[in-house]
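Before any comments, here is the structure.
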Amino acid sequence: MNEAAELPEREAMEFDVVVVGAGPAGLSAAIRLKQVNPDLSVVVLEKGSEVGAHILSGAVVDPVGLDRLLPDWRNEETPLRTPVTQDHFLWLGPAGSIRLPNFLMPPLMNNHGNYIVSLGEVCRWLAGKAEALGVEIFPGFAATELLQDENGAIIGVATGDMGIAKDGSQKPSYQCGMALMAKYTLVAEGARGSLAKQLVKRFDLAEGREPQKYGLGLKELWKVAPDKHRRGLVQHSFGWPLDNSTGGGSFLYHLEDNLVSIGFVVHLGYKNPHLSPFEEFQRFKTHPAIRPTLEGGRRISYGARAITEGGYQSVPKLSFPGGVLVGCAAGFVNVPRIKGSHNAVLSGMLAAEHAAEAIAAGRQHDELASYEAAWRASAIGTDLRRVRNVKPLWSKFGTIGGIALGGLDMWTNTFGFSLFGTLSHGKADYAATAPASGYRRNEPPKYDGALTFDRLSSVFLSNTNHDEDQPVHLHVKDMALQKSSEHDVYAGPSARYCPAGVYEWIEEGADAPRYQINAANCVHCKTCDIKDPNQNINWVPPEGGGGPNYPNM
């Protein structure tokens, strides 16, 4: 964090509110601020090259947030074009599947009334709404530093310098980053954001909370044969190819225009360091319940992103002097529903209302404690509280027992009580990783280039781009520890948990083994920052505009 005394080195711009991140939470906050007070000056920073470029989600959207933010949205042309018409739940075995009856599912798991969307398109639509209200949006600018006053309060953020060479020198294209000063800063970076991580540590926001838990979501978008397409079908599945002790799930969502989103989520609390979520995703597509939909189709896009899964128990304190956390930066994903965008919108609105009220009262840079006090009693708290035990039960009893007990708990929570109280998550995900000696690796699937694909061809479809002559944005704090522990004890799991082929242990040559970081491949999923068993890798934002460019994910 830079002290205020360093600000004259940069061009400074002043706003009432700075929002970091142009996802559903950040854009909803910006819109709501202008709805409450059109005279407020609001800016949104987005590290992607354009709004939506880094947005990846399933996604089936519960419109409860949009109904509150934009009550007339159904009367407009919007990206919410495909209502859910069928809702299937499958248990997958190695050779077949069983469909679970819908009547067994808790009511909150019902997807009717929801919409299958490209969340990137939704964000671009929300950005248009925000700009029409006078919000300034700066895509291609990564917020890399938190700015503080002499009392330690957050007074804004600084964007990263542009045009820095890999050796740290300034290239001819060098541009100094900007300081964006604000009365309040709303941090809406998504899961495991770099500024949010700093804030949690700086202000002890996780004190008294359970460890945050994460999943890795991998997704492909396919154009399927017309006779395979069933517009409006939502199909969730669990089981094979993951074993009972490895949590996760999968989905097929049928959008419009013969498009199908296929996704695979692995809970990052898994023990086996030989596990490769990417390989298991490719294997999943060969299942008899999945393969027929994709055969004869064409893969259009690929991407991956970490998902916050800790839920109610793991939400940190959300307010700090000068700002708040919102959306997935706060951890508002409902894990069994695989939904977070509705709570992201609601939290952005809630934060905006409390910030606008404080500004109207002449306040600035203080703590918005009213926001922290309000969220658990809001619709967000109700939504998360009802499912608070699903993830702990899954972790403790495995997939079969955990899902059965989690379903029972969601049913009882429908009536306002739980048989389990509020359960603990236990270890953080990185601490769950076990030494490699007790586990083996599954045989990697054979990539046929039609249904299953390797990592590098997948990364190509993510349109990932980084200037290779820039400082590496994946910082290994202690390379000796990486060799003695990550490699020697855990058998180099970073080469397998990374879904983009960023990390490699090169075992040939005089200096073997050598750790190679292919930073240009990074799709900004943040898995390495979460799962490294020693917390020895730190993800920081690269030069603004770098990373994936998802057109429709």
Discussion item. About the Cα centre, and with charges only on the beta carbon of Lys, Arg (+1) and Asp, Glu (-1), how big is the dipole of the chain? Nearest 20 debye, please.
Written reply: 2140 debye
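Where does each of 21-29, 540-548 land if you order them by average Cβ count within 10 Å, highest first?
Descending packing order for the listed peptides: 21-29, 540-548.
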Item to complete: Express the accessible area of region 1-125 per residue in Å², computed with a 1.4 Å probe while the remaining protein chains stay in the model.
Response: 41 Å²
Discussion item. Please list, ordered by chain and number, the residues whose modelled amide H lies under 5 Å from the amide H of H88; skip anything fewer than 5 residues away on the same chain.
Written reply: V234, Q235, H236
Item to complete: Output the antiparallel fraction of DSSP beta bridges having both residues in region 1-128, as a percent to the nearest 5.
Response: 65 percent
Response to the item:
In nm, the gap between the two label points placed 7 Å beyond Cα toward Cβ at E507 and T286 is 2.2 nm
Discussion item. Explain nothing, just the number: dipole magnitude of region 1-119 about its Cα centre with +1 on each Lys and Arg Cβ and -1 on each Asp and Glu Cβ, in debye rounded to the nearest 20.
Written reply: 740 debye
Worksheet item: By DSSP, what percent of the beta bridges with both residues in the chain are antiparallel, rounded to the nearest 5?
Response: 65 percent
Practice prompt. Could you compute the FRET efficiency for D149 and K483, with r as their C-beta to C-beta distance and R0 at 41 Å, rounded to 0.05?
Written response: 0.45
Practice prompt. Pop a pseudo-label 7 angstrom from the Cα along the beta-carbon direction at both I400 and A377 and give the gap in nm to one decimal.
Written response: 4.5 nm
Worksheet item: Of the peptides 169-180, 375-386, how do they stack up when ordered by the mean number of other Cβ atoms within 10 Å, highest first?
Response: 375-386, 169-180
Fill in: region 198-298 - charge dipole about Cα centre, Lys and Arg +1 at Cβ, Asp and Glu -1, debye rounded to 20
100 debye
Fill in: Principal axes of the chain: Cα extent on each, largest first, Å
64, 64, 46
Discussion item. Give me the 1.4 Å probe accessible area per residue for region 444-553, excluding ligands and nucleic acids, in Å².
Written reply: 40 Å²
Worksheet item: Using θ = phi - 60° and the Karplus form 6.51 cos²θ - 1.76 cosθ + 1.60, what ³J(HN,Hα) does each residue of region 157-171 get, whole Hz, x for Gly and Pro?
Response: 9, 10, 8, x, 5, 10, x, 9, 6, 4, 7, x, 7, 8, 7
Fill in: Estimated FRET transfer efficiency when R0 is 60 angstrom, pair D39-H112 (beta carbons, to 0.05)
0.90
Discussion item. Report the gain in length on full extension from K171 to D227: 0.36 nm times residue separation, minus Cα-Cα distance, nm rounded to one decimal.
Written reply: 14.8 nm
Worksheet, complete the sentence: Between the residues N272, S378, S319, the Cα farthest towards the positive end of the dipole of region 267-426, that dipole coming from +1 and -1 charges on the beta-carbon of Lys, Arg, Asp and Glu, is from N272
Worksheet item: Looking at S418, T433, L451, which one has the Cα that reaches farthest to the positive end of the dipole of region 376-471 (charges on Cβ: Lys, Arg +1; Asp, Glu -1)?
Response: S418
Worksheet item: Okay, which of region 483-501 sit inside 20 Å, backbone N to the point 7 Å along the Cα-Cβ direction of R514?
Response: 483-488, 492-496, 501
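Determine the calculated [θ] at 222 nm for the chain from helices alone, applying -39500 (n - 2.57) to every DSSP H run no shorter than 4 residues and normalising by the residue count; nearest 500 deg cm²/dmol.
Values: 14 runs with 132 residues, N = 553.
When only DSSP H runs of four or more count, the value is -7000 deg cm²/dmol.
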Response to the item:
Distance in nm between A132 and N538 label points, each 7 Å along Cα→Cβ, equals 4.3 nm
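For the chain, with all protein chains present and a 1.4 Å probe, just round the carbon and sulfur fraction of the accessible area to a whole percent.
After summing per-atom areas, the C and S share lands at 52 percent.
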Response to the item:
For region 283-419, the charge dipole (Cβ of Lys, Arg +1; Cβ of Asp, Glu -1; about the Cα centre) points to a positive end, and the Cα of V335, G402, V390 closest to that extreme belongs to G402
Item to complete: Pop the C-beta distance of L408 and S245 into the FRET formula with R0 = 22 Å and round what comes out to the nearest 0.05.
Response: 0.60
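Run through region 125-197 and list the GluC sites (Glu not before Pro) located in a DSSP loop whose Cβ has at most 12 other Cβ atoms within 10 Å. Walk me through the intermediate numbers first.
On the way: sites: E131, E136, E145, E150, E189; in loops: E150, E189.
Sites meeting the loop and neighbour criteria: E150.
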Discussion item. Under 5 Å between amide hydrogens, which residues at least 5 positions from G248 or on another chain qualify, with H placed 1.01 Å from N in the peptide plane?
Written reply: H267
Worksheet item: For region 538-553, what does the Karplus curve 6.51 cos²θ - 1.76 cosθ + 1.60, with θ = phi - 60°, yield as ³J(HN,Hα) per residue in whole Hz, taken in order and with x for Gly and Pro?
Response: 10, 8, 10, x, x, 4, x, x, x, x, x, 10, 7, x, 8, 9
Fill in: Local electrostatic count, G263, Cβ distance below 9 Å [Lys/Arg +1, Asp/Glu -1]
0
Discussion item. Can you work out the Karplus-derived ³J(HN,Hα) for every residue in region 254-261? Use 6.51 cos²θ - 1.76 cosθ + 1.60 with θ = phi - 60°, whole Hz, and x for glycine or proline.
Written reply: 9, 8, 7, 6, 6, 8, 10, 8
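The values are calculated or read from the model by the stated rules, or taken from the named source; none is laboratory data. If you're wondering where the values come from, they're calculated on a predicted model, not measured in any experiment. Note that we place each Cβ from the backbone using ideal geometry, even for glycine, and neighbour counts take in every protein chain shown. Calculation scope for accessible area: heavy atoms of the full protein, side chains included, ligands and nucleic acids excluded. Shrake-Rupley method; radii C 1.70, N 1.55, O 1.52, S 1.80 Å.
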